[in-house]
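Trainee: Please find one structure pasted underneath; my questions will follow.
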Amino acid sequence: MTTANGPAPGRRERKKAQTRKALADAALRLFLERGYDRVSVKDVAEAADVSVTTLFKHFSGKEALVFDRDAELGAALVAAVRDREAGRTVLDALHEHLREVLLSARRAPEFRGFRELVETTPALVEYAHRMWLRHEEALAGAIAEAAGGAPDAVPVRALAHYVLTAPRLAGGSRDPGRALDEIFAHLRNGWSGLGL
């Protein structure tokens, strides 16, 4: 059996994905109920009915349980650049992608609790920062590829950095969609309109 994205995953892959999801769901539920620091890895494993060893086969540590979609989010950013329609700019593709991610996340019922959990837990703030830095490197690589430049070129790295900062800045405003639009307008046109 095949899907639009290639062959359908086998039974083993489906079972792994189910276990991973059960662990991430149990972790988030426990973290929101009790607080991040009051929940152990063992508590999460027990809630998902697996061993601690199994948990570590799926997640590198406690922080990773909160950001279970890390790899998926990073791959989607790169795909937004690489798989964009012919004639579509990199900034337009990233703007559309991040707007959808930001607004769909805000519609999710658990979003507010998740955001508060991350913002009030220093270990998660630090982990999120490291995670975004990894995405920044991958995104810079995709932007450089699209532009025919080097991924370590300052303008490429700066653009990747600002693009990844945009959702966090926009997320704190009353109208995140509009704020994200404003940020991308400045990324396209610069800051000269501010009289700087």
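The values are calculated or read from the model by the stated rules, or taken from the named source; none is laboratory data. Just so it is clear, the structure is predicted and the values come from calculations on it, not from any experiment. Here the Cβ is made from the backbone with ideal geometry for all residues, glycine too, and neighbour counts use every protein chain on show. Areas reflect the complete protein model, heavy atoms only, side chains present, ligands, DNA and RNA absent. Shrake-Rupley method; radii C 1.70, N 1.55, O 1.52, S 1.80 Å.
Trainee: Show me, for the stretch 151-163, the HN-Hα J-couplings you get by feeding each phi into the Karplus relation (A = 6.51, B = -1.76, C = 1.60, θ = phi - 60°), rounded to Hz, glycine and proline as x.
Mentor: So the Karplus estimates, Gly and Pro as x, are x, 9, 5, 4, x, 5, 5, 5, 4, 4, 4, 5, 4 Hz.
Trainee: For the stretch 7-78, give the percent of accessible area contributed by carbon and sulfur heavy atoms, probe 1.4 Å, rounded to a whole number.
Mentor: Values: 2200 of 4410 Å².
Here carbon and sulfur together make up 50 percent of the probe-accessible area.
Trainee: With each run of n ≥ 4 DSSP H residues scored as -39500 (n - 2.57), what mean residue ellipticity at 222 nm is computed for the chain after dividing by its residue count and rounding to the nearest 500 deg cm²/dmol?
Mentor: Numbers: 10 runs with 141 residues, N = 196.
Estimated from H runs of four or more residues: -23000 deg cm²/dmol.
Trainee: How far, in degrees from 0 to 90, does helix 122-147 lean away from the longest principal axis of the Cα atoms of the chain, to the nearest 10?
Mentor: 50 degrees
Trainee: Given a Förster distance of 22 angstrom, what is the FRET efficiency for residue 191 paired with residue 89, based on the Cβ-Cβ distance and rounded to 0.05?
Mentor: Details: r = 19 Å, r/R0 = 0.86.
For residue 191 and residue 89, the calculated efficiency is 0.70.
Trainee: Give the relative contact order (percent, whole number) for the stretch 24-119; include only Cα pairs under 8 Å separated by 6+ residues.
Mentor: Result for the stretch 24-119 is 28 percent.
Trainee: Give, as a single signed number, the net charge of other residues whose beta carbon lies under 12 Å from the beta carbon of residue 142, with Lys and Arg counted +1 and Asp and Glu -1.
Mentor: Residues near residue 142 contribute -2 overall.
Trainee: For the stretch 38-98, what number results from the quotient of the Cα radius of gyration and 2.2 N^0.38 Å? Mind showing how you got there, number by number?
Mentor: Details: Rg = 17.5 Å, N = 61, 2.2 N^0.38 = 10.5 Å.
So the Cα radius of gyration is 1.67 times the expected 2.2 N^0.38 Å.
Trainee: In degrees from 0 to 90, rounded to the nearest 10, what is the angle of the helix 11-34 Cα long axis to the longest principal axis of the chain?
Mentor: 90 degrees
Trainee: I need the GluC sites (Glu not before Pro) found in the stretch 71-157, filtered to DSSP loop residues with at most 15 other beta carbons within 10 Å of theirs.
Mentor: Passing sites in the stretch 71-157 are 85, 110.
Trainee: Filter the chymotrypsin sites (Phe, Trp or Tyr not before Pro) in the stretch 112-196 to those in DSSP coil with at most 11 other Cβ atoms within 10 Å of their Cβ, and list the result.
Mentor: Here the sparse-neighbourhood loop sites are 191.
Trainee: Using only alpha carbon pairs under 8 Å that are at least six residues apart, calculate the relative contact order of the stretch 126-169 and give it in whole percent. The partial results should precede the final answer.
Mentor: Working: 27 pairs, mean separation 15.3, N = 44.
Relative contact order comes out at 35 percent.
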